[in-house]
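Scroll down for the structure; my scribbles are underneath it.
The values are calculated or read from the model by the stated rules, or taken from the named source; none is laboratory data. Computed from a predicted structure; not experimentally measured. Reconstructed Cβ throughout: ideal geometry from the backbone, glycine too, with neighbour counts over all protein chains shown. Quick note on the areas: whole protein, heavy atoms, side chains included, nothing else; ligands and nucleic acids left out. Shrake-Rupley method; radii C 1.70, N 1.55, O 1.52, S 1.80 Å.
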Amino acid sequence: APAAAAPARVDSAGENRATTRKLKAALAQGARERTTTASGGALPGGTREWLIGFGELALDGMIGYGATAQVFRARYGGRVVAAKRMPCFGWDGEMMAALASEAHALSQLRHPNVVQYFGLSVHRDHIYIITEFCAGGTLERLALRAERVARGEAAPTLAWSASYASLALGIAHGLAYL
């Protein structure tokens, strides 16, 4: 009787490269499908605008995390950026197409009161969302400070009150734009 074939060896690096290629192809396909008008004409922009090669990023260190993602301070194109890393295990073509559609829409936004979106990068089984880095903490931290002032637990200073009012007005302008 002939000898049974040995089971195929799984090369995790090769498997990761294959997964990355599949994810990039699905994103590019989704971009082509979702960046056309109802009459079939192409919308301005496209995949090249927002699909960033992972080699173009330099991750400097994690600055935050949540239940489904981590956020890194990074460098891209000579500037400091934020890179949100999300796992994309088991994502199908429809999910990638939806992500491509969102990526294209975000790449069109330009407003001083909306965090600038630069693009997506795919590396192994993760998608990185690359945005402007906002120094000074989160809006949540600022809102908590405002809440403490409102409850009388922290003293409002004139400078802080003016900057909080300016921040609230900036948020309103950004929301009106969206």
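The table below lists the values:
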item	result
Top-ranked residue of the range 71-109 - restricted to ones that are more than 15 Å from VAL122 (Cβ to Cβ) and of a type in the set (Ser, Thr, Tyr), ranked as farthest from the chain's Cα centre (by Cα)	SER101
Lone qualifier among ALA135, ALA82 - being among the hydrophobic types (A, V, I, L, M, F, W, C) and modelled with pLDDT of 90 or more	ALA82
Enumeration of residues in the range 55-91 that are in contact with a helix residue (DSSP H, G or I) (Cβ under 8 Å, 6 or more places away or on another chain) and either in contact (Cβ under 8 Å) with a residue 60 or more places away in the chain or assigned to a helix (DSSP H, G or I) (or both)	CYS88, TRP91
Residue that is surrounded by the fewest Cβ atoms within 10 Å (Cβ to Cβ), among those in the range 79-123 that are within 17 Å of ALA135 (Cβ to Cβ) and out of contact with any Ser or Thr (no Cβ under 8 Å at 6 or more places or on another chain)	PRO112
Those residues of the range 134-146 which are in a helix (DSSP H, G or I) and either within 28 Å of ALA83 (Cβ to Cβ) or open to solvent by 90 Å² or more (accessible area, probe 1.4 Å) (or both), in sequence order	LEU139, GLU140, ARG141, LEU142, ALA143, LEU144, ARG145
